[in-house]
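Here is the structure we will look at.
The values are calculated or read from the model by the stated rules, or taken from the named source; none is laboratory data. As the structure is a computational prediction, the values presented were derived from the model and not from experiment. Neighbour counts run over all protein chains shown; Cβ positions are idealised from the backbone, glycine included. Quick note on the areas: whole protein, heavy atoms, side chains included, nothing else; ligands and nucleic acids left out. Shrake-Rupley method; radii C 1.70, N 1.55, O 1.52, S 1.80 Å.
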Amino acid sequence: MTDAPLAAQSSGTPSKPGAFHELKVLWVRHWTDQLFSFAIERPEDFRFRSGEFVMIGLPGEDGGKPILRAYSIASPAWDEQLEFFSIKVTDGPLTSRLQKIQPGDSVLMGRKPTGTLVLDALTGGERLWLIGTGTGLAPWLSVARDPDTYSRFGQVIVCHTVRNVADLAYRDFFTSGIHDDPLIGDEAKAQLTYYPTVTREKFETPGRITDRIKSGDLFADLGLPIGFSPNSDRVMLCGSMAMIKETGELLETYGLKEGSNAEPGDYVLERAFVG
């Protein structure tokens, strides 16, 4: 998801044999000069919950320690391949190399997925908001393709905020492609709403998602009552630290309480990518 050091990664990252899967790259798609997606083989024994993240990386150069970062899995728990959505950082320790991978190459993947952006960390509700910025869209690609999402929530709203229109990766998928999904296509067509916003170019829904929440424009655009309700709304947050902090504070003013795997609540965020 990012090329900055993450809380999920410690200097004591295991490097003994068998600590990681070494998996073949199946495909790579470059969206822009700063964004790309790729998929790798899924080990038969690898189990995860939609919305979780895992460590992804490459062997260290000249036999050094592997370089690893936490990446949300962008494919749903039932998929036979593992998809990821990444930024490109020219001088980034990992992504400067990872962005050059080709089908047939190998990448390293940790054996233990984890994370709080899972349905288990939320209590029941009527409406699920999946709010992300940039590559924070990745876990929503997973959650929005999980049948449990549609059985638990009557309405699912994917909010994606980016700087430029070209950064709206997966826009066509959320607008129409997901409707052809063999497992959840019909449910998505009836229950899923995609709400993109763009901050630096002209767009029909301009500005940061936090500003559109505060102004009420978000709710007006969707024909919903202004604000979030603890009785009906459940929210997941992923992306920039600034967005997560500001949105979390807004949700608290509406009476929503943060949840976790141990104690489900009204909203969750991924602390592995914060701080």
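Below is a table of values for the structure above.
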{"item": "Surface accessible to a 1.4 Å probe, per residue, for the residues of the range 158-256, Å²", "result": "47 Å²"}
{"item": "Unit Cα scatterers, Debye sum, the range 189-256: log10 I(q)/I(0) for q = 0.17 Å⁻¹", "result": "-0.68"}
{"item": "Karplus 3J(HN,Hα) series, Hz, for the range 162-170 with 6.51 cos²θ - 1.76 cosθ + 1.60 (x for Gly, Pro)", "result": "9, 7, 10, 4, 4, 7, 7, 4, 6"}
{"item": "Cleavage-rule hits (GluC sites (Glu not before Pro)) in the range 177-275: DSSP loop, at most 15 neighbouring Cβ within 10 angstrom", "result": "GLU201, GLU204"}
{"item": "For LEU58, distant residues with modelled amide H under 5 Å away", "result": "ILE67, LEU108"}
{"item": "Hydrodynamic radius (Kirkwood) for the chain, which is based on Cα pairs only, to one decimal in Å", "result": "19.0 Å"}
{"item": "Two-site label geometry, THR205 and ARG271: point separation in nm, points 7 Å out along Cα→Cβ", "result": "3.0 nm"}
{"item": "Degrees, to the nearest 10: 241-253 long Cα axis against longest axis of the chain", "result": "30 degrees"}
{"item": "Label-point separation, SER229 to GLU249 (7 Å along Cα→Cβ), nm", "result": "2.7 nm"}
{"item": "Most mobile listed residue (TYR195, TYR170, TYR254) in the chain, GNM with C-alpha springs under 10 Å", "result": "TYR254"}
{"item": "Potential lengthening between LYS24 and ASP172 on full extension [0.36 nm per residue; Cα-Cα distance subtracted]", "result": "50.6 nm"}
{"item": "1.4 Å probe accessible area per residue over the range 43-154, in Å²", "result": "37 Å²"}
{"item": "Test item: Cα-centred dipole of the chain, Lys/Arg +1 and Asp/Glu -1 on Cβ, debye", "result": "520 debye"}
{"item": "Cα gyration tensor shape of the range 153-270, rounded if a/c is under 1.5, else prolate or oblate by comparing a/b with b/c", "result": "oblate"}
{"item": "Per-residue [θ]222 nm for the chain (sum of -39500 (n - 2.57) over DSSP H runs n ≥ 4, rounded to 500)", "result": "-5000 deg cm²/dmol"}
{"item": "For the range 197-243 and the range 135-179, distance of Cα centres in Å", "result": "14 Å"}
{"item": "Cβ-derived FRET efficiency at R0 25 Å, GLU126 paired with ASP217, nearest 0.05", "result": "0.70"}
{"item": "ILE184, ILE67, ranked by accessible area, largest first (probe 1.4 Å)", "result": "ILE67, ILE184"}
{"item": "Accessible-area composition of the chain, carbon plus sulfur, in percent [1.4 Å probe]", "result": "49 percent"}
{"item": "log10 of Debye I(q)/I(0), alpha-carbon scatterers only, for the range 38-175 at 0.09, 0.10, 0.11, 0.12 Å⁻¹", "result": "-0.29, -0.36, -0.43, -0.51"}
{"item": "Most to least accessible of MET241, MET236 (protein chains only, probe 1.4 Å)", "result": "MET241, MET236"}
{"item": "³J(HN,Hα), Karplus 6.51/-1.76/1.60, whole Hz, each residue of the range 199-209, x for Gly, Pro", "result": "9, 10, 9, 5, 7, 5, 10, x, x, 6, 4"}
{"item": "Loop-located trypsin sites (Lys or Arg not before Pro) in the range 87-151 whose Cβ has at most 12 other Cβ within 10 Å (DSSP)", "result": "LYS100"}
